[in-house]
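Accompanying notes for the structure given below.
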Amino acid sequence: MPHLDSAVGGSTTYALADQFEFVERLKRSQRLPPRGLFRVVVADVDGPATGRHSHTLFFSSLLAAPLYQELIAAHYTLPAPGKHGPFNIADLTPADYAPIAADEMTRRVRQHLDYRRYGSAPIDPARRRNVTEYVESLAAHAAATEIYELAPCRWFSEPANREYPHEWSHALLEFREYVLFDTLARRLTCLTFAFD
């Protein structure tokens, strides 16, 4: 049931963030030594029963969801109202979630796992394979899945970036995120990569 924001002169306004509810099913992290973390969040999605949904309503609800508000770094995650990884929730909008094809997502994930910084070893091949196989399995079953990238990750992860949205953003050199919404199973999967 949508939350009633106000009723004035016979009109009713509903809060965009109350249209969808996310019921957490799984939160898992896998370290990507020496300097990374792969995070998976899976949630059931309750909301409008129609086959189609509004991009704006869906992502407004996700941004407001407590399960999405976390500091995410390469060595830890913790609940943080108003924050998501290196970003302030108040600075993110539904327009920041751009559609991406499944094969492009898997290509980019393989590229993220090539992450190297001077003087650091590459990610262990077994861990790399574990992540790529998982992402490829999601992509292979993506017929009814909409896939989005969190677009501000591009500018944040640029080597020349000097803009840090909040005080903990400095803990990351690179942050990547993909949001998958299976519209038939009503299942959200959020894939995050964080490197320091």
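The values are calculated or read from the model by the stated rules, or taken from the named source; none is laboratory data. None of the values given here were measured: they were computed from a predicted structure. FYI the Cβ positions are ideal-geometry reconstructions off the backbone, even for glycines, and counts take in every protein chain you see. Ligands, DNA and RNA are excluded from the accessible area calculation, which covers all protein heavy atoms including side chains. Shrake-Rupley method; radii C 1.70, N 1.55, O 1.52, S 1.80 Å.
Each of Thr56, Leu113, Val41 was scored by the projection of its Cα onto the charge dipole of the chain, and the greatest displacement toward the positive side belongs to Leu113; charges sit on the C-beta of Lys, Arg, Asp and Glu. In loop segments of the range 102-171 as defined by DSSP, the chymotrypsin sites (Phe, Trp or Tyr not before Pro) with at most 14 further C-beta atoms inside 10 Å of their C-beta are Tyr118. Which residue, chosen from Val131, Ala160, His141, occupies the Cα position most advanced towards the positive end of the dipole of the chain, where the dipole is computed from +1 (Lys, Arg) and -1 (Asp, Glu) charges on Cβ about the Cα centre? Among Val131, Ala160, His141, the one farthest towards the positive end of the dipole of the chain is Val131.
A 1.4 Å probe, protein heavy atoms only, puts the accessible area of Phe20 near 10 Å². Carbon-plus-sulfur accessible fraction, the chain (probe radius 1.4 Å, protein heavy atoms only): 53%. Of the chain, which part is the longest with no trypsin sites (Lys or Arg not before Pro) in a loop (DSSP not H, G, I, E, B) and with at most 10 other C-beta atoms within 10 angstrom? The answer is 53-161.
Could you give the dipole magnitude of the chain about its Cα centre, charging the beta-carbon of Lys and Arg +1 and that of Asp and Glu -1, in debye to the nearest 20?
Details: 21 positive and 24 negative charges, 155 e Å.
With only Lys, Arg, Asp and Glu charged at Cβ, the dipole is about 740 debye.
Identify the residues of the range 172-196 with backbone N under 20 Å of a label point that sits 7 angstrom from the Cα of Glu133 along the Cα-to-Cβ direction, or state none. Residues 191-192 qualify, since their backbone N sits under 20 Å from the label point. Over the C-alpha atoms of the chain, the Rg to Rh ratio, Rh being the Kirkwood estimate, stands at 0.99.
Rounded, prolate or oblate: which one fits the range 69-145, using the alpha carbon gyration tensor with axes a ≥ b ≥ c (rounded when a/c is under 1.5, else prolate when a/b beats b/c, else oblate)? Write down the numbers at each step before the final one.
On the way: a/c = 2.04, a/b = 1.14, b/c = 1.79.
Oblate shape, in that a/c is at least 1.5 and b/c is the bigger or equal ratio.
Loop-located GluC sites (Glu not before Pro) in the range 141-188 (DSSP state other than H, G, I, E, B) with a sparse environment of at most 11 neighbouring Cβ atoms within 10 Å: Glu163, Glu167.
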